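Everything below concerns the one structure shown next.
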Amino acid sequence: MTASSSYHMSVYLHLMSGENVWDAATKEDIGTLRERFKTLERSTYANPRMTMPDDSVGMVAERAPPLLGGIISIAVGILVPFFIASQEPMEGPILILMILVPLAFCGGGLFLLSRHFRGDKWLFIHETHLELRHEKSEKGIPEAHKHIPLSDVVKILSHERVSESTDEDGDTQMSVSQVTSILVYNPDEPQSRKNQELCLCVTDIRSPTRDESDAIAAALNLLVLGTPLPSSTE
C-alpha cells in the first residue's frame, strides 16, 4: 500500500449475518492430513492454490507486491517536490509539503520494495501445526506464527473485510474485499477460545469472490480442524 500524508487509513471487520464460520466444536476424527487432502481433492472444494508435494499442504496466503509499485512510489516522492518547487515559492505550507511528500511516498515505496523482495507469504499446514513464512526471507513473520499448534486454532471464517479511508477534507471512501481469516488463541486473553473478538488473526487470505473465499474456508476447516466439508457450496 502506498503511503500518503493526506489519508488516514483504518480497517475493521464487517461480519455479515450470513458469514461462513467453522470451528473446532464440530471436529471429527477423519484421518491423517494426507487422507483429508485426498478427500478435498475429490470434492468440489478442491482448489489449485492448495498443493501437497510432501508431508504438508501449502498455499500462498498473500502475494508479494509488484516491484513496479515500489519504484513508482519512490519516483513520485522524488519528482513531485521538484515540480512543486518550480511552480511555487519555497515558504510556509509549501515548504512543509516539500518535506512530507518525499517522506510519505519514499517511505511507502521502500516498504513495498521490502515486501516484494521477501516474496509471497505462504501458509503451510502440517500434521500438528501451522507455519507462515515468506518465500525468499526469514524476516517479516513473528516467531509465534512460524509454529502454531493446531489446538490453538479457534476459528477459520470467510467474511468481508471493509477498509475505510478518510482524506484531509473529511471525505470517506470504503472498499470491500473477500477474505478467509485464521483466528488463533490469544495467550493474553484466556477467554479467546470462546470469544472470537479476543482472538489473534494470524493471516487473511484474499479471494476475488465470496464463493472462492467460502470454499477456501471450508477446505482449511477440513485440513486444519478436521471439520467435514459442507454438503454444498451454498
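Around G70, what is the net charge, scoring Lys/Arg as +1 and Asp/Glu as -1 over all other residues with Cβ under 13 Å from its Cβ? List each step's numbers first, then the result.
Details: positive: R115, R118; negative: none.
Charge balance near G70 sits at +2.
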What is the distance in Å between the Cα centres of the stretch 33-68 and the stretch 186-234?
-> 15 Å
Give a residue-ordered list of calculated ³J(HN,Hα) values for the stretch 115-132 (Karplus: 6.51 cos²θ - 1.76 cosθ + 1.60, θ = phi - 60°; whole Hz; x for Gly, Pro).
-> 5, 4, 6, 6, x, 4, 8, 10, 10, 10, 9, 9, 4, 10, 7, 9, 9, 10
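In what sequence do E138, E212 fall when counting other Cβ within 10 Å, fewest first? Show your work: numbers first, answer last.
Details: E138 9, E212 18.
By the 10 Å Cβ count, ascending, the order reads E138, E212.
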Give the long-range amide H neighbours of V154: residues separated by 5 or more places, or on another chain, with amide H under 5 Å away, using H modelled in the peptide plane at 1.01 Å from N.
-> L183, V184, Y185
On full extension of the chain, what length is gained from V162 through E135, given 0.36 nm per residue of separation minus the C-alpha to C-alpha distance?
-> 7.0 nm
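Each value in this text was obtained by applying a stated rule to the coordinates, not by laboratory testing. In this text, all values refer to a predicted model and were calculated from it rather than measured experimentally. Counting neighbours? That spans all protein chains shown, and the Cβs are built from the backbone with ideal geometry, glycine included.
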